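What follows draws every value from the coordinates through simple rules; no lab data is involved. In this text the structure is predicted, and so the values were computed from the model without any measurement. Quick reminder, even Gly has a Cβ in these numbers, built from the backbone with ideal geometry, and neighbours come from all protein chains shown.
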Amino acid sequence: MEKTLQMNTNSRDQMIDITKQIEEWMQEINANNGMIIVSSLHTTAGITVNENADPDVKTDFLRRLDEVYPWDHQLDRHAEGNTAAHMKTSTVGHAQTLIVSNGKLVLGTWQGVYFCEFDGPRQNRKIQLKMISS
Amino acid sequence: MEKTLQMNTNSRDQMIDITKQIEEWMQEINANNGMIIVSSLHTTAGITVNENADPDVKTDFLRRLDEVYPWDHQLDRHAEGNTAAHMKTSTVGHAQTLIVSNGKLVLGTWQGVYFCEFDGPRQNRKIQLKMISS
Amino acid sequence: MEKTLQMNTNSRDQMIDITKQIEEWMQEINANNGMIIVSSLHTTAGITVNENADPDVKTDFLRRLDEVYPWDHQLDRHAEGNTAAHMKTSTVGHAQTLIVSNGKLVLGTWQGVYFCEFDGPRQNRKIQLKMISS
């Protein structure tokens with residue numbers, strides 16, 4: 001079973017909690033046991049699992065990543081000028097694997113699944129979901 | 001097949017080799033072929049695969065990560081003050097996927113699986129293991 | 001189904017696009033639906049999914065990572081002197097999971113799969129491929 005989520009982003013760096021969209025899809029397909037791969041189909045946007053409670057974590061997270069991989073860099077050669085977005089994507093990962101048990105995502109109390117935009121705003125960002133039953 | 005490993009940690013940053021615990025569980029369940037997802041159920045502790053020989057690698061690893069994501073940061077807004085732990089978790093990953101072949105983990109000579117504590121010491125850290133047979 | 005890719009690298013840091021080798025193997029085994037785990041069997045070389053178009057992205061990528069994790073570091077204790085390579089490997093990840101749908105890798109237009117050498121040049125680097133059908 002597979003599904004493509006589409007979304008628009010509205011700033012250069014943005015974390016969007018997609019946990020509920022994944023859970024809704026699991027209900028649609030009657031997901032039971034196995035795993036789900038959540039995969040960004042872009043090279044300047046990734047997926048990570050992190051805190052879903054205090055929104056300040058997202059603010060800090062994006063600012064800290066930006067300090068490690070600053071947008072402007074004298075030595076960058078890539079003509080599009082978005083090397084930093086490529087770095088951030090490989091750092092958090094283009095995809096994550098989630099455990100599914102008895103119809104539910106196995107996540108800790110504070111864990112949420114995030115689509116991470118690193119080169120927005122963009123229309124029509126795509127995330128592929130794939131369920132593998134066990 | 002699934003199992004929850006529980007462990008206590010005893011310093012703020014700590015790497016604990018859990019390879020043997022995974023292998024013991026594989027024997028219990030007669031794991032044969034497929035994959036295992038190893039997933040931290042926390043947002044301030046992750047999983048990585050790295051060197052299991054020289055213990056200095058762990059010391060260097062944790063110090064280097066701390067330099068990239070220092071614990072204290074003037075601009076952090078997250079009230080718990082552990083933004084650095086969230087950064088490190090998403091950098092190494094909250095989970096890893098391991099190949100299982102003929103009853104054994106497919107790892108290189110020097111590879112071990114580590115639980116990475118980034119906001120310890122803590123009681124009752126949880127790691128979920130899930131076997132998907134192929 | 002499983003396969004070991006072998007390769008030689010010719011510089012300390014190098015990204016090698018292995019997408020075609022994975023696709024060729026998929027044809028050999030008549031891969032249909034499921035996922036493929038692509039796993040480096042080394043602690044100083046990883047796998048990432050990133051841009052396959054402009055070669056300058058690779059140049060920028062490796063230089064940026066080197067700035068974050070410089071090769072020489074006064075405080076490193078690991079006698080082999082390659083702590084930076086261990087850091088880079090855990091940052092990009094030792095392995096990636098790819099979705100397979102109707103016999104094809106589900107990747108975005110610009111996504112390619114890279115073997116990332118961080119401590120070359122080396123002979124006989126090994127990458128394990130594992131197909132899990134769904």
Between residue C:56 and residue A:124, how high is the FRET efficiency from 1/(1 + (r/R0)^6) when r is the Cβ-Cβ distance and R₀ = 22 Å? Nearest 0.05. 0.30
Sum -39500 (n - 2.57) across every DSSP H segment of at least 4 residues in chain C, then divide by the residue count to get the 222 nm mean residue ellipticity, nearest 500. -7500 deg cm²/dmol
Computed magnitude of the charge dipole of chain B (debye, nearest 20; Cβ of K, R +1, Cβ of D, E -1): 360
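Defining a contact as two alpha carbons under 8 Å apart and six or more residues distant in sequence, what relative contact order in percent does chain C show? Show your work: numbers first, answer last.
Numbers: 262 pairs, mean separation 73.4, N = 134.
Computed value for chain C: 55 percent relative contact order.
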Tell me the net charge near residue C:3. Cut-off is 9 Å between Cβ atoms, residue C:3 excluded, with +1 for each Lys or Arg and -1 for each Asp or Glu. -1
Around residue B:125 (Cβ within 15 Å, Cβ-to-Cβ, excluding residue B:125; K/R +1, D/E -1) the net charge comes to +1
With Cα coordinates, the longest principal axis of chain B makes an angle with the long axis of helix B:56-68, in degrees rounded to 10, of 40
Rounded to one decimal in nm, the spacing of the 7 Å Cα→Cβ label points at residue B:75 and residue C:10 is 4.1
Angle check, please: helix B:83-92 long axis (alpha carbons) against the longest principal axis of chain B (alpha carbons), in degrees 0 to 90, nearest 10. 30
Grab chain B and count how many Lys pairs have their alpha-carbon atoms under 23 Å apart, sequence gap of 8 or more, or different chains. 12
By the scheme Lys and Arg +1, Asp and Glu -1, what is the net charge of all other residues having a beta-carbon under 12 Å from that of residue C:85? -4
Hey, what angle do you get for helix B:19-28 against the long axis of chain B, alpha-carbon based, 0 to 90 degrees rounded to 10? 30
Could you state the number of Å between the C-alpha centres of region C:1-66 and region B:47-64? 23
FRET efficiency, 1/(1 + (r/R0)^6) with R0 41 Å, evaluated for residue B:27 and residue C:109 via beta carbons: 0.40
